[in-house]
Amino acid sequence: MLRILHQLWRVGVATEPPPATDAAALEALGLELHRAIEARFRHSLAIRVVDAGSCNGCELEIHALANPYYDIERFGVSFVASPRHADALLVTGPVSRHMETALRRTWRAMSAPKFVIAAGQCACGGGEFGGSYASCGAVEKVLPVDVKIPGCPPSPEDLMRGLLAALRVDETTVSESCGESA
Amino acid sequence: MSAKQDLGTQLHQVGINTRSYSGVANLPALIISAADWGPAAAVAKAQDWRWAGSWADTDAGRMHLYALLAQGGEYLLLTAQAPLERPEFTSHTPHYPAADRLERHARDLFGVIYSDHPDGRRWTRHQAWPQDWHPLHPAAEVRTQGRTAADSSYPFITLRGDGVFEIPVGPVHAGIIEPGHFRFHAAGETVLRLEERLGYTHKGIEALAVGRNPAGLLHLAARVSGDSAVTHAWAASQAMERAVGATVPPRALALRGLLAERERVANHIGDIGAICNDVGFAFAQVQTSRLRERWQRRNREIFGHRLLMDSVVPGGVAHDLNTTQITTLRADHATLRQAVEPLFDIFDDHPSLEDRLVTTGHLSAEDAGALGCTGYVGKASGQALDLRHDAPYAPYHELLINVPVQSEGDVAARVRVRMAEVHMSLDLMDHLLRTLPVGDIHAPLPNPPAAACGLGLIEGWRGETLAFVRFDASGCIARYFPRDASWFIWPALERLIHGNIVADFPVCNKSVNGSYAGVDL
Ligand code: SF4
């Protein structure tokens, strides 16, 4: 225990003061995100992530959002296990044909209104893999997409910026349907 | 007597005819008949050859099968052919359990017929295409199709008995991880059997590689498994370079070594934290994810990409280092060495961690050997193989590699191996930077002779990683097959979870961390 406390004391808080030169921008971005979440989602945005066929690079960067440098939870963003608890669906990868139905079912399990965010080049436009006998290509070939976050993979900052954009999407365009169309 | 002559003699003794084959650059190989394919594996198995992968290829109207065998760091390729109309072979699976899924993969994608394969079920194929259509068989026409149904009728093997129940998990998991299905059979809390069903992220990488130029292939290879971008790109690049007989400048090779070690450190550090987190020790993850983030930021600053994608290019590397960057990196190594010391010290003998990690997820040395596990999974279960030591390629042939081996085979042993590898990588990187040769960082690839083939073999952070490349007459890629170390990690997970409680599955899974994308292709 003492060793743990010592380590914690020695390292201190990585998030505060900001450790990198771009940290001020990051902080500003986070606050903006926080405000948007407060306004639209009463302090919390619950995201369900589905890898629909990625190379796993995008997942690594989504994971990085939880590290002490970004600590995305402090802005009110949480990643949830059940689509029923989620406000937004964050999809990575081209949609492999083998994941097509699982992705549709996850989306259908979410309650409206719901966002779909495509993260990464593959999810946005098919990327490296595109469409093939095995891949449907971009997420929008399968589900209505509200926001795209390009990058291969998008960096954690890109992801934060993208989430912010998602919150600014005009409410009328966000899918209100209960899922029968997908 | 070379290992090849040795196996050749043994094969002759049981009446199997062999011919020497030199179609794959610099690799000893034997041709046998399609009918002898399985019996030859039986002989190899009796001689203690490790089975390191198998793949199909079609060329000149024939179906070719390849299988790589290894003894220590010595490799031998077996190959056999059959007519495309009826590509029938006997199977390696009865002799090498690890061959099961790779053979089913070749059956699904190429239509290879394994006359005595013990498992007739599909593997990579779900419901996206019919059983009699084989996407990589030359006769396959392009298909368009509507929606793909879920593969809900896959015949899992079921256990029956009093109190035995099934737990289906996936393909969409609770956390932020790749998709796959796990079918548990449990009695009470104890797992009696786990069966994996993967293939969900199959996007046709082998088909996408065909017709690409060398640079295009490496772009794809870096995305076979995003956490192994350097590993797969280097393996593919090495395969191409061997195929065409290219000489890569020494500085480029040293920098590739540096990149591969950076990838190893990032993944090990991240995973060690995640393993501890899976048993409720969040402190570890907070600390290691901080270190990993700093590492990745440096990757972007110096090598242009946080995961080092596209840093390996045909004939070399994309980024050179100047003296300031070398100083920065060396200072980083010193900082990281210092930063991990108190952490590893805690992970090594913290009572609550010990309680959860020691004896958990035990993989016996016999199982690890039988499955041909390499990397930290093999090393933690007594398998001392490390290509950097046993089949060294430049720059490792000049470096001192102490392979960390443990005998316990549990989660704790895998963590210890990974901690030791972090230390070793830091030393190797320091050495590489101290002795960085001067010169170019890439050299143009000579034009490939038609049908030139090469095999790349790299010690990735997960273990031995292979890439097979064949060029067509115009210098484009005719065949690419990457064999990730995960092909042997996934079957190991099915064995090591046996007898553990269901709740320990996440930590067992994380401790071996097989790539889904890397095997789904
Ligand atoms: S966008 Fe890039 S990192 Fe993300 S899944 Fe596609 S290839 Fe991988």
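May I ask you to verify whether residue B:7 is open to solvent by less than 40 Å² (accessible area, probe 1.4 Å) and within 25 Å of residue B:111 (Cα to Cα)? Break it down stepwise before answering.
Working: open to solvent by less than 40 Å² (accessible area, probe 1.4 Å): yes; within 25 Å of residue B:111 (Cα to Cα): no.
No.
Quick one: is residue B:503 over 25 Å from residue A:129 (Cα atoms), part of a helix (DSSP H, G or I) and in contact with a Cys (Cβ under 6 Å, 6 or more places away or on another chain)? Step through it out loud before you land on a result.
Working: over 25 Å from residue A:129 (Cα atoms): yes; part of a helix (DSSP H, G or I): yes; in contact with a Cys (Cβ under 6 Å, 6 or more places away or on another chain): no.
Here the answer is no, as residue B:503 does not meet what is asked.
So which residues in the stretch A:119-142 are free of Cβ contacts under 8 Å to residues at least 60 places away in the same chain, more than 11 Å from the ligand (Cβ to nearest atom), open to solvent by less than 30 Å² (accessible area, probe 1.4 Å) and outside any loop (DSSP other than H, G, I, E, B)?
Scanning the stretch A:119-142 gives a single hit, A:136.
Which of (1) open to solvent by 30 Å² or more (accessible area, probe 1.4 Å); (2) in contact (Cβ under 8 Å) with a residue 12 or more places away in the chain does residue B:58 not meet, given it meets every other one?
(1)
For the stretch A:6-47, name all the residues that are open to solvent by 90 Å² or more (accessible area, probe 1.4 Å), within 17 Å of residue A:68 (Cβ to Cβ) and modelled with pLDDT of 70 or more.
If the condition is that a residue be open to solvent by 90 Å² or more (accessible area, probe 1.4 Å), within 17 Å of residue A:68 (Cβ to Cβ) and modelled with pLDDT of 70 or more, then A:9, A:10 are the ones that fit.
Would you point out which residue out of B:412, B:467 is in the same structural domain as residue B:275 (by TED's automatic domain parsing), out of contact with any Cys (no Cβ under 9 Å at 6 or more places or on another chain), of a type in the set (Gly, Ala, Ser) and closer than 30 Å to residue B:495 by Cβ? Step through it out loud before you land on a result.
Working: B:467 fails: in the same structural domain as residue B:275 (by TED's automatic domain parsing).
Residue meeting the stated conditions: B:412.
Among B:335, B:288, B:324, which is the only one that is more than 16 Å from the ligand (Cβ to nearest atom), open to solvent by 50 Å² or more (accessible area, probe 1.4 Å) and either in contact (Cβ under 8 Å) with a residue 40 or more places away in the chain or over 15 Å from residue B:429 (Cα atoms) (or both)?
Values: B:335 fails: either in contact (Cβ under 8 Å) with a residue 40 or more places away in the chain or over 15 Å from residue B:429 (Cα atoms) (or both); B:288 fails: open to solvent by 50 Å² or more (accessible area, probe 1.4 Å).
The conditions single out B:324.
Restricting to the stretch A:143-166, and then to whatever is small (Gly, Ala, Ser) and outside any loop (DSSP other than H, G, I, E, B), can you tell me which residue is farthest from residue A:36 (Cα to Cα)?
Restricting attention to the stretch A:143-166, the residues satisfying the condition of being small (Gly, Ala, Ser) are A:151, A:155, A:162, A:165-166.
Imposing the further condition that a residue be outside any loop (DSSP other than H, G, I, E, B) reduces the set to A:162, A:165-166.
Values: A:162: 12, A:165: 9, A:166: 10 Å.
Ranking the candidates gives A:162 first.
Here is a list: B:223, B:242, B:251. Which entry is in contact with a Phe, Trp or Tyr (Cβ under 9 Å, 6 or more places away or on another chain) and basic (Lys, Arg)?
Within the list B:223, B:242, B:251, the selection yields B:223.
Identify, from the list A:103, A:89, the residue that is over 28 Å from residue B:207 (Cβ atoms) and within 11 Å of chain B (Cβ to nearest Cβ). So that I can check it myself, show each step before the final result.
On the way: A:103 fails: over 28 Å from residue B:207 (Cβ atoms).
Only one candidate passes the filter, namely A:89.
With within 16 Å of the ligand (Cβ to nearest atom), touching a residue at least 40 places away in the same chain (Cβ under 8 Å) and not basic (Lys, Arg) as the only criterion, which of B:317, B:312, B:279 stands out? Reasoning before the result, please.
Working: B:317 fails: within 16 Å of the ligand (Cβ to nearest atom); B:279 fails: within 16 Å of the ligand (Cβ to nearest atom).
When all the criteria are applied, what remains is B:312.
Does the stretch B:194-207 contain at least one residue that is assigned to a helix (DSSP H, G or I) and open to solvent by less than 10 Å² (accessible area, probe 1.4 Å)?
At the first step, the residues of the stretch B:194-207 found to be assigned to a helix (DSSP H, G or I) are B:205-207.
If we keep only those that are open to solvent by less than 10 Å² (accessible area, probe 1.4 Å) too, we end up with B:205-206.
So far as the stretch B:194-207 goes, yes, one or more of its residues are assigned to a helix (DSSP H, G or I) and open to solvent by less than 10 Å² (accessible area, probe 1.4 Å).
Please give the number of the condition residue B:266 fails out of (1) within 11 Å of chain A (Cβ to nearest Cβ); (2) at pLDDT below 95.
If we test residue B:266 against (1) within 11 Å of chain A (Cβ to nearest Cβ); (2) at pLDDT below 95, just (2) comes out false.
Give the residue, chosen from B:306, B:330, B:356, that is without any contact (Cβ under 8 Å) to a residue 60 or more places away in the chain and not aliphatic (A, V, I, L, M). Break it down stepwise before answering.
Numbers: B:330 fails: without any contact (Cβ under 8 Å) to a residue 60 or more places away in the chain; B:356 fails: without any contact (Cβ under 8 Å) to a residue 60 or more places away in the chain.
Going through B:306, B:330, B:356 in turn, the sole match is B:306.
Is there a residue being in contact (Cβ under 8 Å) with a residue 24 or more places away in the chain, more than 14 Å from chain B (Cβ to nearest Cβ), away from the ligand (no atom under 16 Å from the Cβ) and out of contact with any Phe, Trp or Tyr (no Cβ under 6 Å at 6 or more places or on another chain) anywhere in the stretch A:44-60? First the steps, then the outcome.
So the first thing to find is which residues in the stretch A:44-60 are in contact (Cβ under 8 Å) with a residue 24 or more places away in the chain, and the list is A:44-55, A:57-60.
Among the residues that remain, those that are also more than 14 Å from chain B (Cβ to nearest Cβ) are: A:44-45.
Next cut, away from the ligand (no atom under 16 Å from the Cβ) only: A:44-45.
Narrowing further to those that are out of contact with any Phe, Trp or Tyr (no Cβ under 6 Å at 6 or more places or on another chain): A:44-45.
So far as the stretch A:44-60 goes, yes, one or more of its residues are in contact (Cβ under 8 Å) with a residue 24 or more places away in the chain, more than 14 Å from chain B (Cβ to nearest Cβ), away from the ligand (no atom under 16 Å from the Cβ) and out of contact with any Phe, Trp or Tyr (no Cβ under 6 Å at 6 or more places or on another chain).
Residue check, residue A:111 against (1) within 15 Å of the ligand (Cβ to nearest atom); (2) of a type in the set (Ser, Thr, Tyr); (3) surrounded by fewer than 21 Cβ atoms within 10 Å (Cβ to Cβ), all met but one. Which one?
(1)
Restricted to the stretch B:246-271, and to residues that are among the hydrophobic types (A, V, I, L, M, F, W, C) and in contact with a Pro (Cβ under 8 Å, 6 or more places away or on another chain), which residue is farthest from residue B:303 (Cα to Cα)? Reasoning before the result, please.
Going through the stretch B:246-271, the residues among the hydrophobic types (A, V, I, L, M, F, W, C) turn out to be B:246, B:248, B:252-255, B:258-260, B:265-266, B:269.
Next, only the ones that are in contact with a Pro (Cβ under 8 Å, 6 or more places away or on another chain) stay: B:246, B:253-254.
Details: B:246: 24, B:253: 15, B:254: 14 Å.
Among those that are among the hydrophobic types (A, V, I, L, M, F, W, C) and in contact with a Pro (Cβ under 8 Å, 6 or more places away or on another chain), it is B:246.
Counting just the residues of the stretch B:193-211 that are away from the ligand (no atom under 15 Å from the Cβ) and of a type outside the set (Gly, Ala, Ser), which one comes out farthest from residue B:167 (Cα to Cα)?
Of the stretch B:193-211, the ones away from the ligand (no atom under 15 Å from the Cβ) are B:193-199, B:206-207, B:210-211.
Narrowing further to those that are of a type outside the set (Gly, Ala, Ser): B:193-198, B:206, B:210.
Numbers: B:193: 10, B:194: 9, B:195: 11, B:196: 12, B:197: 13, B:198: 16, B:206: 33, B:210: 40 Å.
By that ranking, first place goes to B:210.
For the stretch B:212-240: of the residues being among the charged types (D, E, K, R) and under 20 Å from the mean Cα position of the chain (by Cα), which is farthest from the ligand (Cβ to nearest atom)?
Of the stretch B:212-240, the ones among the charged types (D, E, K, R) are B:212, B:223, B:227.
Applying the additional criterion that residues be under 20 Å from the mean Cα position of the chain (by Cα) yields B:223, B:227.
Details: B:223: 4, B:227: 10 Å.
Top of the filtered list is B:227.
With the requirement that a residue be open to solvent by 50 Å² or more (accessible area, probe 1.4 Å), over 30 Å from residue B:322 (Cβ atoms) and without any contact (Cβ under 8 Å) to a residue 60 or more places away in the chain, what does the stretch B:390-427 give you? Reasoning before the result, please.
Our first condition is that a residue be open to solvent by 50 Å² or more (accessible area, probe 1.4 Å); within the stretch B:390-427, this holds for B:390, B:392, B:397-398, B:400, B:402, B:405, B:407-408, B:416, B:423, B:427.
Filter once more, so that each one left must be over 30 Å from residue B:322 (Cβ atoms): B:390, B:402, B:405, B:407-408, B:416.
Within the stretch B:390-427, B:402, B:405, B:407, B:408 qualify.
Within the stretch A:143-161, take every residue that is in contact with a strand residue (DSSP E or B) (Cβ under 8 Å, 6 or more places away or on another chain) and away from the ligand (no atom under 13 Å from the Cβ) and give me the one that is nearest to the other protein chains (Cβ to nearest Cβ).
Once the filter is applied, the top-ranked residue is A:143.
Cβ-Cβ under 9 Å, sequence separation 6+ or interchain: first residue in the stretch B:5-17 and assigned by TED's automatic domain parsing to the domain that holds residue B:48 and closer than 16 Å to residue B:77 by Cβ, partner open to solvent by 90 Å² or more (accessible area, probe 1.4 Å) and not aliphatic (A, V, I, L, M). Which pairs?
B:11/B:17
Go through (1) of a type outside the set (Phe, Trp, Tyr); (2) touching a His at 6+ places or on another chain (Cβ under 8 Å); (3) closer than 25 Å to residue B:74 by Cα one by one and return the number of the condition residue B:496 breaks.
Exception for residue B:496: condition (3).
Take residue B:90 and tell me if it is open to solvent by 20 Å² or more (accessible area, probe 1.4 Å), outside the structural domain of residue B:368 (by TED's automatic domain parsing), over 30 Å from residue B:150 (Cα atoms) and modelled with pLDDT of 95 or more.
Working: open to solvent by 20 Å² or more (accessible area, probe 1.4 Å): yes; outside the structural domain of residue B:368 (by TED's automatic domain parsing): yes; over 30 Å from residue B:150 (Cα atoms): yes; modelled with pLDDT of 95 or more: yes.
So residue B:90 passes the test.
Results for (1) open to solvent by 10 Å² or more (accessible area, probe 1.4 Å); (2) under 22 Å from the mean Cα position of the chain (by Cα); (3) touching a residue at least 40 places away in the same chain (Cβ under 8 Å), shown as yes or no for each residue.
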| site | (1), (2), (3) |
| --- | --- |
| B:106 | no, yes, yes |
| B:113 | yes, no, no |
| B:119 | yes, no, no |
| B:131 | yes, no, no |
| B:136 | yes, yes, yes |
| B:142 | yes, no, no |
| B:147 | yes, no, no |
| B:157 | yes, no, no |
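The values are calculated or read from the model by the stated rules, or taken from the named source; none is laboratory data. Keep in mind that this is a model prediction, so the values were computed, not measured. Note that each Cβ is placed from the backbone with ideal geometry, even for glycine, and that neighbours are counted across all protein chains shown. Surface areas here come from the heavy atoms of the whole protein model, side chains and all, with no ligands, DNA or RNA. Shrake-Rupley method; radii C 1.70, N 1.55, O 1.52, S 1.80 Å.
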